[in-house]
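S.K.: Dropping the structure in here first, questions after.
The values are calculated or read from the model by the stated rules, or taken from the named source; none is laboratory data. Since this is a predicted model, take the numbers as computed values, not measurements. Methodologically, a virtual Cβ is constructed for each residue, glycine included, from the backbone with ideal geometry; neighbour enumeration extends over all protein chains shown. Side chains included, ligands, DNA and RNA excluded: accessible areas come from the protein's heavy atoms. Shrake-Rupley method; radii C 1.70, N 1.55, O 1.52, S 1.80 Å.
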Amino acid sequence: RQWGAAQAKLPFILLLLNIAWKPARQNNSHPLRHIYKKNHDMTKTRKGKTEQLLRVDDHDFTMRPAFGGPAIPVGVDVQVESLDSISEVDMDFTMTLYLRHYWKDERLSFPSITNKSMTFDGRLVKKIWVPDVFFVHSKRSFIHDTTTDNIMLRVFPDGHVLYSMRITVTAMCNMDFSRFPLDSQTCSLELESYAYTDEDLMLYWKNGNESLKTDEKISLSQFLIQKFHTTSRLAFYSSTGWYNRLYINFTLHRHIFFFLLQTYFPATLMVMLSWVSFWIDRRAVPARVSLGITTVLTMSTIITGVNASMPRVSYIKAVDIYLWVSFVFVFLSVLEYAAVNYLTTVQERKERKLREKFPCTCGIPHTKTMMLDGTYSESDANSLAGYTRSQIVIEEEKQDKMVVHLAMSNESNSSRKRGLKGHVGLRIIQNTHAIDKYSRLIFPGTYIFFNLIYWSVFC
């Protein structure tokens with residue numbers, strides 16, 4: 001009976017031995033397995049999270065480094081990537097730059113045999129302390145986020161930190177347009193800590209003037225960038241205290257050639273065009289009036305176009321002086337013809353009254369009109385035989401030039417035409433009023449003198 005019970009348990013015992021022997025056989029089936037274990041790449045072994053390596057959870061990063069102690073120095077340097085635009089109307093500028101901060105936080109130190117730094121993206125920034133630098137007088141700003149947030153954080157074993165961002169900022173620039181468009185503008189981008197005064201955070205340029213780098217390819221369509229430089233000073237707020245403020249200053253000199261083509265040359269041509277009316281016959285009223293009105297309206301359009309692209313400042317700009325003086329010259333040419341036309345009308349009225357006072361038919365049936373300037377041909381003297389000497393002298397003293405209707409026969413018609421051929425040029429001069437003669441010299445001379453004064457002062 002006992003033997004039978006032992007036989008019944010034997011298969012169960014053999015099964016247990018088989019199960020226990022199989023893992024041992026598998027381990028011994030590869031005799032080089034221990035060699036592979038020794039040569040395994042330990043750099044790929046994840047020992048723990050980055051936060052655990054930097055001991056982020058062991059510290060309170062809501063407080064600045066060395067809280068309660070001296071102010072923490074934070075160095076800054078900037079690399080300007082581009083000046084995107086300058087707006088005179090909004091009085092601001094847009095700049096894209098790389099902003100970098102340097103400081104030391106011993107709470108982020110970590111052991112390292114090779115003394116190499118570790119680089120992280122923007123996700124770690126939210127878990128540690130970083131300087132709260134902002135742009136003073138900025139209107140808009142943003143951190144580029146294509147394809148991810150353009151933020152870089154580099155931590156060194158001794159706790160030094162490099163924090164870099166790529167930012168586009170639009171900031172205010174107080175511009176003075178009193179010499180526009182012959183002006184130069186100086187704009188500043190100001191950086192400052194928002195919460196920490198100079199007792200808690202000392203903001204400074206890391207390498208002095210060398211802290212500001214610019215791309216040599218930076219250019220603007222309307223301006224020549226003369227120089228970039230850095231400065232720093234303390235800013236005081238009555239309710240919070242003193243703060244360190246850093247300045248990025250740059251000077252812009254405006255290109256004048258665009259405004260010469262679009263503003264100065266057209267205005268000058270309009271003024272010169274208005275002078276053409278001085279050579280047009282004073283009796284050609286439609287020609288001279290239309291020319292004057294056209295030049296006035298053109299100058300008004302030029303002035304309106306220039307002011308539309310400028311802020312509504314309350315002082316006079318250099319371009320305003322030139323345009324309005326040119327407008328006055330054009331307007332005076334219209335007034336000049338108004339004076340000429342009025343005096344001509346008055347003169348003709350006097351001549352008409354004179355003809356009515358001394359009618360002359362001399363018994364000849366056909367009448368013609370001729371111009372008397374004090375010199376009479378032989379045929380003219382015969383036609384005036386009805387006049388006494390005293391009457392002719394009195395009328396010459398009243399008017400240098402008068403028109404007399406004389407009755408002339410057909411026989412004297414041909415001789416009168418021959419006498420008038422030699423006086424065609426004289427008659428043209430006599431038809432031109434004295435004001436036109438003087439205007440041909442006074443207007444150009446005065447405008448040239450104005451241009452000499454203008455360009456010598458503003459250039």
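S.K.: In segment 428-455, how many residues are among the hydroxyl-bearing types (Ser, Thr, Tyr), modelled with pLDDT under 95 and assigned to a helix (DSSP H, G or I)?
M.R.: Counting residues in segment 428-455 that are among the hydroxyl-bearing types (Ser, Thr, Tyr), modelled with pLDDT under 95 and assigned to a helix (DSSP H, G or I) gives 2.
Listed here are the residues, each with its yes/no results for (1) in contact with a helix residue (DSSP H, G or I) (Cβ under 7 Å, 6 or more places away or on another chain); (2) among the polar types (S, T, N, Q).
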residue	(1), (2)
Phe135	no, no
Ser138	no, yes
Asp145	no, no
Asp149	no, no
Pro157	no, no
Leu162	no, no
Val169	no, no
Leu182	yes, no
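S.K.: Does Val78 count as of a type in the set (A, V, I, L, M), under 41 Å from the mean Cα position of the chain (by Cα) and open to solvent by 30 Å² or more (accessible area, probe 1.4 Å)? Talk me through it step by step, then tell me what you get.
M.R.: Values: of a type in the set (A, V, I, L, M): yes; under 41 Å from the mean Cα position of the chain (by Cα): yes; open to solvent by 30 Å² or more (accessible area, probe 1.4 Å): no.
Here the answer is no, as Val78 does not meet what is asked.
Residues are listed down the side, and each one gets a yes or a no for (1) open to solvent by 80 Å² or more (accessible area, probe 1.4 Å); (2) at pLDDT 85 or above; (3) closer than 20 Å to Arg282 by Cα; (4) of a type in the set (S, T, N, Q):
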residue: Phe329; (1), (2), (3), (4): no, yes, yes, no
residue: Val334; (1), (2), (3), (4): no, yes, yes, no
residue: Ala338; (1), (2), (3), (4): no, yes, yes, no
residue: Thr345; (1), (2), (3), (4): no, yes, yes, yes
residue: Lys350; (1), (2), (3), (4): yes, yes, yes, no
residue: Glu356; (1), (2), (3), (4): yes, no, no, no
residue: Pro359; (1), (2), (3), (4): yes, no, no, no
residue: Thr367; (1), (2), (3), (4): yes, no, no, yes
residue: Asp373; (1), (2), (3), (4): no, no, yes, no
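S.K.: So how many residues does segment 92-144 have that are crowded, with 16+ Cβ neighbours inside 10 Å and among the charged types (D, E, K, R)?
M.R.: 5
S.K.: Select from segment 285-297 the residues that are surrounded by fewer than 18 Cβ atoms within 10 Å (Cβ to Cβ) and either within 16 Å of Trp324 (Cα to Cα) or among the β-branched types (Val, Ile, Thr) (or both) and write down the one among them that is modelled with the lowest pLDDT. Walk me through how you get there before you give the answer.
M.R.: Filtering segment 285-297 for residues surrounded by fewer than 18 Cβ atoms within 10 Å (Cβ to Cβ) gives 285-287, 289-290, 293-294, 296-297.
Filter once more, keeping what is either within 16 Å of Trp324 (Cα to Cα) or among the β-branched types (Val, Ile, Thr) (or both): 285, 289, 293-294, 296-297.
Numbers: Val285: 90, Val289: 93, Ile293: 94, Thr294: 95, Val296: 95, Leu297: 95.
Selected residue: Val285.
S.K.: Can you tell me which residue in segment 247-284 is surrounded by the most Cβ atoms within 10 Å (Cβ to Cβ), limited to those that are of a type in the set (S, T, N, Q) and within 30 Å of the chain's Cα centre (by Cα)? First the steps, then the outcome.
M.R.: Looking only at segment 247-284, we keep the residues that are of a type in the set (S, T, N, Q), and these are 249, 251, 262-263, 268, 274, 277.
After this cut, where a residue has to be within 30 Å of the chain's Cα centre (by Cα) as well, the list is 249, 251, 262-263, 268.
Details: Asn249: 15, Thr251: 15, Gln262: 14, Thr263: 20, Thr268: 16.
Across segment 247-284, the extreme among qualifying residues is Thr263.
S.K.: State all residues of segment 211-246 that are closer than 22 Å to Leu83 by Cβ, open to solvent by 80 Å² or more (accessible area, probe 1.4 Å) and either among the acidic types (Asp, Glu) or out of contact with any strand residue (DSSP E or B) (no Cβ under 9 Å at 6 or more places or on another chain) (or both); if no residue qualifies, say none. Even if it seems obvious, please write down each step before you answer.
M.R.: Quick first cut of segment 211-246, residues closer than 22 Å to Leu83 by Cβ only: 211-232, 245-246.
From what is left, the residues that are open to solvent by 80 Å² or more (accessible area, probe 1.4 Å) are 213, 216-217, 219, 221, 224, 226-227.
Selection gives Glu216, Ser221.
S.K.: What pairs come up if the first residue lies in segment 102-120 and is over 11 Å from Val56 (Cβ atoms), the second is charged (D, E, K, R) and at pLDDT 90 or above, and their beta carbons are under 7 Å apart, counting only those six or more places apart or on different chains?
M.R.: Taking only residues 6 or more apart or on different chains, the pairs are Tyr102/Lys206; Ser109/Asp158; Ser117/Arg154; Thr119/Arg154.
S.K.: Sticking with this structure for a sec: I want to confirm something. Restricting to segment 164-210 and keeping residues that are open to solvent by less than 30 Å² (accessible area, probe 1.4 Å) and among the aromatic types (Phe, Trp, Tyr), which single residue is farthest from Arg312 (Cα to Cα)?
M.R.: Trp205
S.K.: Now, a different point. If Val306 meets every condition in (1) surrounded by 12 or more Cβ atoms within 10 Å (Cβ to Cβ); (2) closer than 30 Å to Val133 by Cα apart from one, which number is that one?
M.R.: (2)
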